[in-house]
Amino acid sequence: MDLSQTIDAYCERLDPGFWAEPVNALTNLFYLAGAIIMLTRSRRDGLPIATILSVLLGLIAIGSFLFHTIATAWASLADTIPIVLFILVYLFAANRDILRMRWPVAALLTAAFIPYVAILVPLLNRVPFLAISNFYWAVPLLLFAYAPIVARRRRATAAGFVAGGALLCLSITLRSLDQPLCDQWPLGTHFLWHTLNSIMLPAMIELYRRHMLEGRHTPR
C-alpha cells in the first residue's frame with residue numbers, strides 16, 4: 001500500500017490541492033469545539049473514560065481535517081483510526097459502566113465488535129446504497145440493539161441511545177448521498193455528515209457523563 005497515494009473520494013474535491021475541499025475541511029472545527037467542551041466537563045467531573053472519548057473526538061477532528069486537505073492514504077488512516085477507537089472505547093464504557101459488567105466481560109463483548117462488523121458488512125454490501133457507508137451502519141444498529149437492554153437500568157440513557165442512533169442514521173444517509181447527488185449539488189453532502197456527527201458524538205459523551213454522575217448518587 002502506497003501511503004502517499006492521493007485519494008479523490010468526495011464530490012467537493014475537484015483537484016489535488018490542499019484547499020480543494022474547504023467546506024469539508026473547515027466543518028471539522030465543529031468536532032474540535034465539541035471535543036474542547038466535553039474535555040473540560042469530563043476532566044472537571046473526574047471521568048477518565050469520558051476524558052479519553054473527548055480526546056479521541058479531538059483526534060477525529062484533526063484526522064478528518066488532514067484527510068480533507070492532504071487527501072492521501074496515510075491521511076485516510078489518520079481519519080479512520082480515531083473513529084474506530086472512539087467506537088470501541090464507547091462500547092467498552094457502555095458495557096462496563098452503563099450495563100455494569102465486570103471489566104473482562106465488558107472487554108470481551110467490546111472485542112466482539114470486530115466479528116460483528118465482519119459478518120454485517122458483507123450483508124450490507126448486497127444493497128448498493130448501504131454498501132457506500134457499510135462499516136458505519138454497524139454503529140446505529142448496535143445503539144438500537146443496546147437501547148432496550150440499557151432501558152432496564154435507566155430509561156433516559158436508553159432514550160439517548162435511540163436518539164443518537166437515529167441522528168447517526170440521518171448523517172450516514174447524507175454521507176452516502178455525496179457522490180450520487182454530485183451532479184445536482186456540486187458541493188456534495190459530506191459536510192452535513194460532519195455537521196450532524198459534531199452534534200451526535202459530543203452528545204453521546206454527554207449522555208455517558210450524565211449517566212455516570214447520576215450513578216454516583218444511585219446505589220448499585
Which residues does a label at W103 reach in the range 178-220, if reach means a backbone N under 12 Å from a point 7 Å past the Cα toward the Cβ? none
Amide hydrogen neighbours beyond the local backbone of T72, cut-off 5 Å, H modeled: I7
Sorted on mean Cβ neighbours within 10 Å (highest first), peptides 134-142, 54-62 come out as 54-62, 134-142
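Averaged across orientations, what area in nm² does the convex hull of the alpha carbons in the range 79-128 project? Provide the component values of the computation, followed by the final result.
Working: hull surface 16.9 nm².
Projected over every direction and averaged, the Cα hull of the range 79-128 covers 4.2 nm².
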Can you sort F113, F92 by how many other beta carbons sit within 10 Å, fewest first? F113, F92
At 7 Å along Cα-to-Cβ for each site, give me the label-to-label distance between A73 and V23 in nm. 3.0
Could the peptides 23-36, 194-207, 146-159 be put in order, highest first, of the mean number of other beta-carbon atoms found within 10 Å of their residues? 194-207, 23-36, 146-159
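Hey, can you rank 9-17, 115-123 by average C-beta count inside 10 Å, highest first? Each step should come with its number before you reach the end.
Working: 9-17: 15.1, 115-123: 13.0.
My ranking of the peptides, most packed first, is 9-17, 115-123.
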Dipole of the range 27-183, positive direction: furthest Cα of G46, T110, Y90, with charges on the beta-carbon: G46
Total charge dipole magnitude, the chain, about the Cα centre, Cβ charges on Lys, Arg, Asp, Glu only, Debye to nearest 20: 1560
Under the Kirkwood approximation for Rh and a Cα-based Rg, what ratio Rg/Rh is obtained for the range 125-199? 1.08
Which ³J(HN,Hα) values in Hz, rounded to whole numbers, follow from the phi angles of the range 38-46 under the Karplus curve 6.51 cos²θ - 1.76 cosθ + 1.60, where θ = phi - 60° and Gly and Pro get x? 6, 5, 4, 5, 5, 5, 4, 8, x
Solitary cysteines of the chain, where the nearest other Cys Cβ is not under 4.7 Å: C169
If you take the charge dipole of the chain about its Cα centre, with +1 on Lys and Arg Cβ and -1 on Asp and Glu Cβ, which of P22, Y146, S133 is farthest toward its positive end? Y146
With Kirkwood's inverse mean 1/r over C-alpha pairs for Rh, give me the Rg to Rh ratio of the chain, two decimals please. 0.98
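I want to verify the translational diffusion coefficient of the range 98-158 in µm²/s; compute it with Stokes-Einstein, Rh as the Kirkwood radius over Cα pairs, at 4 °C and 1.567 mPa s. Mind dumping the intermediate values first?
Numbers: Rh = 13.0 Å.
Taking Rh from Cα pairs, D becomes 100 µm²/s.
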Return the sequence-ordered ³J(HN,Hα) values of the range 111-126 in whole Hz as given by the Karplus equation 6.51 cos²θ - 1.76 cosθ + 1.60 applied to θ = phi - 60°, using x for Gly and Pro. 4, 5, 4, 5, x, 4, 5, 4, 7, 6, 4, x, 5, 5, 5, 6
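What is the extension gain from A163 to I36, computed as 0.36 nm multiplied by their sequence separation minus the C-alpha to C-alpha distance, in nm to one decimal?
Working: separation 127, 0.36 × 127 = 45.72 nm, distance 2.25 nm.
Extending this stretch completely gives an extra 43.5 nm.
Rounded if a/c is under 1.5, else prolate if a/b is larger than b/c, else oblate: which is the range 66-168, with a ≥ b ≥ c the root eigenvalues of its Cα gyration tensor?
On the way: a/c = 1.86, a/b = 1.57, b/c = 1.19.
Prolate.
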List C182, C169 from most exposed to least, where exposure is judged by having the fewest other Cβ atoms within 10 Å. C182, C169
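Taken together, the values in this text are just the output of simple stated rules run on the coordinates, not laboratory data. Quick caveat: nothing in here was measured; it's all calculated off a predicted structure. No Cβ is skipped: glycine too gets one built from the backbone with ideal geometry, and neighbour counts run over all protein chains shown.
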